[in-house]
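The values are calculated or read from the model by the stated rules, or taken from the named source; none is laboratory data. Since this is a predicted model, take the numbers as computed values, not measurements. Glycine also receives a Cβ, built like all others from the backbone with ideal geometry; neighbour counts cover every protein chain displayed. Calculation scope for accessible area: heavy atoms of the full protein, side chains included, ligands and nucleic acids excluded. Shrake-Rupley method; radii C 1.70, N 1.55, O 1.52, S 1.80 Å.
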Amino acid sequence: AAAAGQSEYSAAVDIYSFAIILWQLLTCGSPFVRELEDYGRVGLLHRIAREGLRPEVPAWSPPALSALIRECWADAEHMRPTSTEVVRRLWQVHHVECGADGSSDVASAVRVVAPQSIRLGRRESFPR
């Protein structure tokens, strides 16, 4: 249990944050700029956490990537994909969008992400 005044966070929070980064890479923009000006920091945080405010995913975004980003932003944390699922789906998007056949690459990439290590706070060593 968390101490008074502290919150517990799960890996689902990291998944949400990762999708924000994906959105930033996709759009080359900063999320919530206008909303921060309109509502201030506390108001913006309230709108994100309590009202489900999310950045708009551009219509020109690859459909599979748009779907992944939106799923990572699901209001219910248990509905967000795991890190292993995110990696698998990003590889799929890459291969569909780039026309590459890398089915063996997908399996290799998913093995590199070790959810047990992430949950236990250990750093995973990646091959060089």
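Qualifying chymotrypsin sites (Phe, Trp or Tyr not before Pro) in the stretch 1-98, where qualification requires a DSSP coil assignment and no more than 10 other C-beta atoms within 10 Å, comprise 9, 60. A Förster radius of 25 Å, combined with the Cβ-Cβ distance separating residue 25 from residue 82, puts the computed FRET efficiency at roughly 0.75.
Leaving out ligands, DNA and RNA, and with a 1.4 Å probe, what % of the accessible surface on the stretch 37-92 is carbon or sulfur? Please list the in-between numbers first.
Numbers: 1980 of 3590 Å².
C and S fraction of accessible area: 55 percent.
In the stretch 70-87, whose amide N lies under 16 Å from the spot 7 Å out along Cα-to-Cβ of residue 49? List them in ranges. Within reach of a label on residue 49, which here means backbone N under 16 Å from a point 7 Å along Cα→Cβ, the stretch 70-87 contributes 75-77.
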